[in-house]
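Below is one structure; the comments refer to it alone.
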Amino acid sequence: MTMRRKRKTQEKTKKVKSRLLKLKVKAQGVKALVEEKEEAKKKGREELLSKVEKVVHSAKKDKGKEKTQEEHCEEFEKEIENLCPLEKEAPRPKKKRKVTMKKKTLKMQFENRQAEKVKKNLKITKGKRERKVTQKDHSPLPKLVNNS
């Protein structure tokens, strides 16, 4: 039994040691990740600082070289000249033709439409009344009401 106990204790110690090693490896991996993240943050900060310094430096340089109004005008004229050919190439929309009519013709058209509407209404009512009349009186002429 003593041998058996020794073997079991040795196996347990091996298991414990292997678990400890695994934990150490994981801990080292985590530490490495943390260090990488910190280094990345430092690099980002350094890049931002360098960009800020460049901007400040260029601003100081440009302060002495303030553009006059004439220089600005020249730049704008160059830009306009570059854009002018594009404007000429662009298709222009067709002009819509204006239709002008005299009041007489408009009045006549309106009256014609009104007359057509009245005729349509008479035909519709005539058809309805004929049906009613044929059912009641059997007379050939329907009774009409003047709407005009």
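Pairs needed: first member in the range 95-123, loosely packed, with under 10 Cβ neighbours inside 10 Å; second member anywhere, at pLDDT below 85 and among the charged types (D, E, K, R); C-beta distance under 6 Å; at least 6 residues apart or different chains.
none
Let me spell it out: the conditions are (1) part of a helix (DSSP H, G or I); (2) at pLDDT below 85, and Glu66 meets all of them except one. Which number is the exception?
Of (1) part of a helix (DSSP H, G or I); (2) at pLDDT below 85, only one is false for Glu66: (1).
The values are calculated or read from the model by the stated rules, or taken from the named source; none is laboratory data. These numbers were taken from a predicted model, which means no experiment stands behind them. Positions of Cβ are generated from backbone atoms using ideal geometry, with glycine treated the same way; all protein chains shown enter the neighbour counts.
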